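Here the structure is laid out as structure tokens; the discussion comes afterwards.
The values are calculated or read from the model by the stated rules, or taken from the named source; none is laboratory data. Just so it is clear, the structure is predicted and the values come from calculations on it, not from any experiment. Virtual Cβ from ideal backbone geometry, glycine too; neighbours counted across all protein chains shown. Heavy atoms of the whole protein, side chains included, go into the accessibility calculation; ligands, DNA and RNA do not. Shrake-Rupley method; radii C 1.70, N 1.55, O 1.52, S 1.80 Å.
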Amino acid sequence: QVDLVESGGGVVRPGGSLRLSCVASGSIFAIDQMGWYRLGPGFQPTMVATITNDDKANYADSVKGRFTISRDKAKNTVDLQMNNLNSGDSALYLCKADTRLGPYFGDGTQVTVSS
């Protein structure tokens with residue numbers, strides 16, 4: 001079992017920035033990869049960014065150059081720095097851990113981009 005708790009969401013104007021953070025607890029040893037997803041239309045999580053245990057990052061095309069994912073394995077955290085936000089980035093952002101026990105999602109943190 002891996003528990004994930006997200007924080008850092010909020011309301012921001014277009015062009016603004018937010019930093020999301022996720023803390024993992026439980027069976028940390030089983031984590032292979034962590035990432036951020038967002039809940040889009042149809043309520044299917046879509047990948048925003050992922051990072052492997054050896055710090056290889058992968059980004060959705062829509063966020064490349066604007067978002068940066070980072071991981072602190074000592075603190076069991078994964079952060080998402082989001083810059084130059086636009087209305088299309090508004091969503092519930094979920095932290096995900098891919099583990100040998102299966103995938104786990106947190107409850108999410110809401111990001112709203114509005115003028």
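Okay, here's what the table says:
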{"quantity": "Cross-link reach list, lysines versus Lys73, counting only Cα pairs under 21 Å and skipping chain neighbours closer than eight places", "calculated": "Lys56, Lys96"}
{"quantity": "Alpha-carbon Debye profile of segment 1-55, log10 I(q)/I(0) at 0.31 Å⁻¹", "calculated": "-1.26"}
{"quantity": "Point-to-point label distance, Ser25-Asn53, nm (Cα→Cβ direction, 7 Å offset)", "calculated": "2.3 nm"}
{"quantity": "Potential lengthening between Ser114 and Asn86 on full extension [0.36 nm per residue; Cα-Cα distance subtracted]", "calculated": "9.3 nm"}
{"quantity": "Solvent-accessible area per residue, Å², over the chain with all protein chains present [probe radius 1.4 Å]", "calculated": "51 Å²"}
{"quantity": "Estimated dipole of the chain in Debye, rounded to 20 [Cβ of Lys and Arg +1, of Asp and Glu -1, Cα centre]", "calculated": "200 debye"}
